[in-house]
Ligand SMILES: Nc1ncnc2c1ncn2[C@@H]1O[C@H](COP(=O)(O)OP(=O)(O)OP(=O)(O)O)[C@@H](O)[C@H]1O
Ligand SMILES: [Mg+2]
């Protein structure tokens, strides 16, 4: 792992919501072509950190480096243009639109010749969406029913498919397996590995420790808005991770 | 993993019941179209010579034309989970400034140039009011109900200031004789214009990126923002579109009545909102159709017309529309609930307890969605 180059680095990120200090100088590293798990107790600040790194939220302070260069990620669109995609914990799907429309939301394909009028190329978006789901190894019975009519797991698949379809550098996945059954969960984990094998880094947030150890290359632990520990997944146990999450084990000097 | 054919998502089974439920959930317009057809048949049977006469049909359509123009804009607004109470006042204001400009070009004697200047001014003033609504709602995050209630009063007030509250009757004769009362091949200009607006509106909503982003915002504004939909500009454009069509409505109203009808549009907003909702557009946002709105406009119009012809007190129309409106919203909510219930029933694996929190997609959550626009 040490041979790998850092891709995305967060340094001492702070973010407060009124009285609540969600991030108190949190650092976080993503290396090229790895799966890194970001773990921590409820409220540790994982989702907030992800939002700050994917442009959905702006940090109050701290520094973000992409491939060694400081960047200020100003908006989700900006993050996307940098090759960063996100599966948000609340999924961020439009429930009234169908899966294909969601997959291409904000990046719609337009009919050749009629694009200047903004006319959508629905058939091409439908077929490309089907291809994307096939790649994911999941099937949807209907590509034209609104997302609201899908099961929880299927919704999650739509969000995952959308993120990996567009990512070129990093995919953040905030609890992508939370609503899934055993079979679906395995599929998503497989997808995560395949994305990594394509050279795209994956940040996986999960509360499932065996899952984390099974799929991640590295693990970073967040506690009370700060990074408290880093592990190589192969050399760590569930007990280590839990100890770090609960504060029984602190590796890092946190100011 | 490599052979997707062997891996079926365990969740969905295409039973007939599911199909039917999905279909009913998708198409609210079918029911309301059925209701309209039933009304038309009933009145035609009860009063074949009067209700179905060419004259009556023409006047029915003419009466509905301006409301339909307003309704197209309102459909887009309501699909964003917004509302526009200002349409009637913007119509009046646009009519007033348009009439004043045409007066400067010679009033009743004004030529084509004057009429075009009047049209331009009406459209511009409509867009200006609409864009103002859009900025206050999209950028400043003030709730649509309050913003448009404010501009509802402000636009009407300014219209009265400009005219001292006295209707301006200096409408060019060539305008009144053509668009106002003229026909092409037996079809009134007003009806043709309304139909063109409706068709363009339907295409815009159904086939374009503009329409899709409108639905996405009403469906999940924060989600749309996160995937790069420009939510604030889109909201401004949607309200500006509603304003543009209200401005056009003001011009058409001038043409039709040859006066500014300052006092005649205070309930247009409610009439139009009712039509849009009757037409299957959801007040919670995300769902709607322009074609549905067209049907929704005709239900009250046909009721009113039919009651008059049958000698029933026309006041019953107001009562009937009120009842139907409440039913329409009730069924909308029912449909949405059935849809999300259907989805969870089809999920075989019980979700872990944390799952409910992560399924942010479960409708209806319009209030939250609207608030989230403001934080963006
Ligand atoms: N928009 C917000 N407004 C106010 N407080 C917030 C907001 N977002 C997060 N917080 C607070 O910040 C803290 C960290 O929240 P965050 O969602 O990042 O935790 P998390 O680690 O993702 O937890 P979980 O495992 O439960 O998802 C919490 O105390 C939360 O209440
Ligand atoms: Mg979280």
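In this structure, is residue B:201 surrounded by 24 or more Cβ atoms within 10 Å (Cβ to Cβ) and facing chain A (nearest Cβ under 8 Å)? Give the derivation first.
On the way: surrounded by 24 or more Cβ atoms within 10 Å (Cβ to Cβ): yes; facing chain A (nearest Cβ under 8 Å): no.
It is false that residue B:201 is surrounded by 24 or more Cβ atoms within 10 Å (Cβ to Cβ) and facing chain A (nearest Cβ under 8 Å).
Can you find, within the stretch A:58-78, the residue that is farthest from ligand 2 (Cβ to nearest atom) among those that are touching a strand residue (DSSP E or B) at 6+ places or on another chain (Cβ under 7 Å) and under 19 Å from residue A:167 (Cβ atoms)?
Residue satisfying both the conditions and the ranking: A:67.
Please state which one of A:43, A:113, A:68 is within 16 Å of ligand 1 (Cβ to nearest atom), farther than 25 Å from residue A:191 by Cα and surrounded by fewer than 16 Cβ atoms within 10 Å (Cβ to Cβ). Can you show your working first?
Numbers: A:113 fails: within 16 Å of ligand 1 (Cβ to nearest atom); A:68 fails: within 16 Å of ligand 1 (Cβ to nearest atom).
When all the criteria are applied, what remains is A:43.
Report, by residue number, each residue of the stretch A:98-120 that is more than 19 Å from residue B:226 (Cβ to Cβ) and more than 10 Å from chain B (Cβ to nearest Cβ). It would help to see each step written out before you state the result.
Filtering the stretch A:98-120 for residues more than 19 Å from residue B:226 (Cβ to Cβ) gives A:109-120.
Result: A:112, A:113, A:116.
Just checking, how many residues over the stretch A:171-187 are assigned to a loop (DSSP other than H, G, I, E, B), on the phi < 0 side of the Ramachandran plot and at the interface with chain B (Cβ under 9 Å from one of its Cβ atoms)?
As a first pass, look at the stretch A:171-187 and keep what is assigned to a loop (DSSP other than H, G, I, E, B): A:175-181.
In the following step, the residues that additionally are on the phi < 0 side of the Ramachandran plot were identified as A:176-181.
From what's left, at the interface with chain B (Cβ under 9 Å from one of its Cβ atoms): A:178-181.
So the answer is 4.
Could you please let me know if residue B:175 is more than 14 Å from chain A (Cβ to nearest Cβ), over 18 Å from the mean Cα position of the chain (by Cα), within 22 Å of residue B:64 (Cα to Cα) and crowded, with 19+ Cβ neighbours inside 10 Å?
Numbers: more than 14 Å from chain A (Cβ to nearest Cβ): yes; over 18 Å from the mean Cα position of the chain (by Cα): yes; within 22 Å of residue B:64 (Cα to Cα): yes; crowded, with 19+ Cβ neighbours inside 10 Å: yes.
Spelling it out, residue B:175 is indeed more than 14 Å from chain A (Cβ to nearest Cβ), over 18 Å from the mean Cα position of the chain (by Cα), within 22 Å of residue B:64 (Cα to Cα) and crowded, with 19+ Cβ neighbours inside 10 Å.
Can you go through A:168, A:206 and tell me which one is within 16 Å of ligand 2 (Cβ to nearest atom) and surrounded by fewer than 24 Cβ atoms within 10 Å (Cβ to Cβ)?
On the way: A:168 fails: within 16 Å of ligand 2 (Cβ to nearest atom).
It is A:206.
Is it the case that residue A:219 is surrounded by 23 or more Cβ atoms within 10 Å (Cβ to Cβ), away from ligand 2 (no atom under 14 Å from the Cβ), at pLDDT 90 or above and at negative phi? Don't jump to the end; show me each part of the working.
Values: surrounded by 23 or more Cβ atoms within 10 Å (Cβ to Cβ): yes; away from ligand 2 (no atom under 14 Å from the Cβ): yes; at pLDDT 90 or above: yes; at negative phi: yes.
Yes: the conditions hold for residue A:219.
Report, ordered by the first and then the second residue, all pairs with beta carbons closer than 8 Å, sequence separation of six or more or different chains, a first member in the stretch A:26-47 that is more than 20 Å from residue A:66 (Cβ to Cβ) and within 14 Å of chain B (Cβ to nearest Cβ), and a second member that is away from ligand 1 (no atom under 12 Å from the Cβ) and part of a helix (DSSP H, G or I).
Matching pairs, first to second residue: A:41/A:246.
What residue, of A:55, A:113, A:118, A:106, is without any contact (Cβ under 8 Å) to a residue 60 or more places away in the chain and under 14 Å from the mean Cα position of the chain (by Cα)? Give the derivation first.
Values: A:113 fails: under 14 Å from the mean Cα position of the chain (by Cα); A:118 fails: under 14 Å from the mean Cα position of the chain (by Cα); A:106 fails: under 14 Å from the mean Cα position of the chain (by Cα).
Exactly one residue qualifies, and that residue is A:55.
Quick one: is residue A:179 within 16 Å of ligand 1 (Cβ to nearest atom), crowded, with 24+ Cβ neighbours inside 10 Å and within 17 Å of residue A:94 (Cβ to Cβ)? Steps first, answer last, please.
Details: within 16 Å of ligand 1 (Cβ to nearest atom): yes; crowded, with 24+ Cβ neighbours inside 10 Å: yes; within 17 Å of residue A:94 (Cβ to Cβ): no.
So residue A:179 fails the test.
Count, please, the residues in the stretch A:222-236 that happen to be at pLDDT 90 or above and surrounded by fewer than 17 Cβ atoms within 10 Å (Cβ to Cβ).
So the count comes out to 1.
Any residue at all in the stretch A:194-202 that is within 16 Å of ligand 1 (Cβ to nearest atom) and more than 10 Å from chain B (Cβ to nearest Cβ)? Steps first, please.
Keep residues of the stretch A:194-202 that are within 16 Å of ligand 1 (Cβ to nearest atom), which gives none.
Looking for residues that are within 16 Å of ligand 1 (Cβ to nearest atom) and more than 10 Å from chain B (Cβ to nearest Cβ), one finds none in the stretch A:194-202, hence no.
Which residue, of B:250, B:286, B:280, is assigned to a helix (DSSP H, G or I) and either under 18 Å from the mean Cα position of the chain (by Cα) or within 14 Å of another protein chain (Cβ to nearest Cβ) (or both)?
B:250
Residues of the stretch A:46-58 being surrounded by 22 or more Cβ atoms within 10 Å (Cβ to Cβ) and more than 10 Å from ligand 1 (Cβ to nearest atom), which ones?
Answer for the stretch A:46-58, where residues must be surrounded by 22 or more Cβ atoms within 10 Å (Cβ to Cβ) and more than 10 Å from ligand 1 (Cβ to nearest atom): A:53, A:54, A:55, A:56.
For (1) modelled with pLDDT under 90; (2) more than 10 Å from chain A (Cβ to nearest Cβ); (3) within 27 Å of residue B:193 (Cβ to Cβ); (4) assigned to a helix (DSSP H, G or I), each residue gets a yes or a no:
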| residue | (1), (2), (3), (4) |
| --- | --- |
| B:297 | no, yes, yes, yes |
| B:335 | yes, yes, no, yes |
| B:340 | yes, no, no, yes |
| B:348 | yes, no, no, no |
| B:351 | yes, no, no, no |
| B:367 | yes, yes, no, yes |
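Is it true that residue A:148 is facing chain B (nearest Cβ under 10 Å), in contact (Cβ under 8 Å) with a residue 12 or more places away in the chain and under 17 Å from residue A:189 (Cβ atoms)?
Details: facing chain B (nearest Cβ under 10 Å): yes; in contact (Cβ under 8 Å) with a residue 12 or more places away in the chain: yes; under 17 Å from residue A:189 (Cβ atoms): no.
It is false that residue A:148 is facing chain B (nearest Cβ under 10 Å), in contact (Cβ under 8 Å) with a residue 12 or more places away in the chain and under 17 Å from residue A:189 (Cβ atoms).
Residue-by-condition table, conditions (1) more than 11 Å from chain B (Cβ to nearest Cβ); (2) assigned to a helix (DSSP H, G or I); (3) at pLDDT below 95:
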residue	(1), (2), (3)
A:73	yes, no, yes
A:78	no, yes, yes
A:86	no, no, yes
A:90	no, no, yes
A:96	no, no, yes
A:123	yes, yes, yes
A:132	yes, yes, yes
A:135	no, yes, yes
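The values are calculated or read from the model by the stated rules, or taken from the named source; none is laboratory data. Just so we're clear, the structure is a prediction, and the values are computed from it rather than from any experiment. Note that each Cβ is placed from the backbone with ideal geometry, even for glycine, and that neighbours are counted across all protein chains shown.
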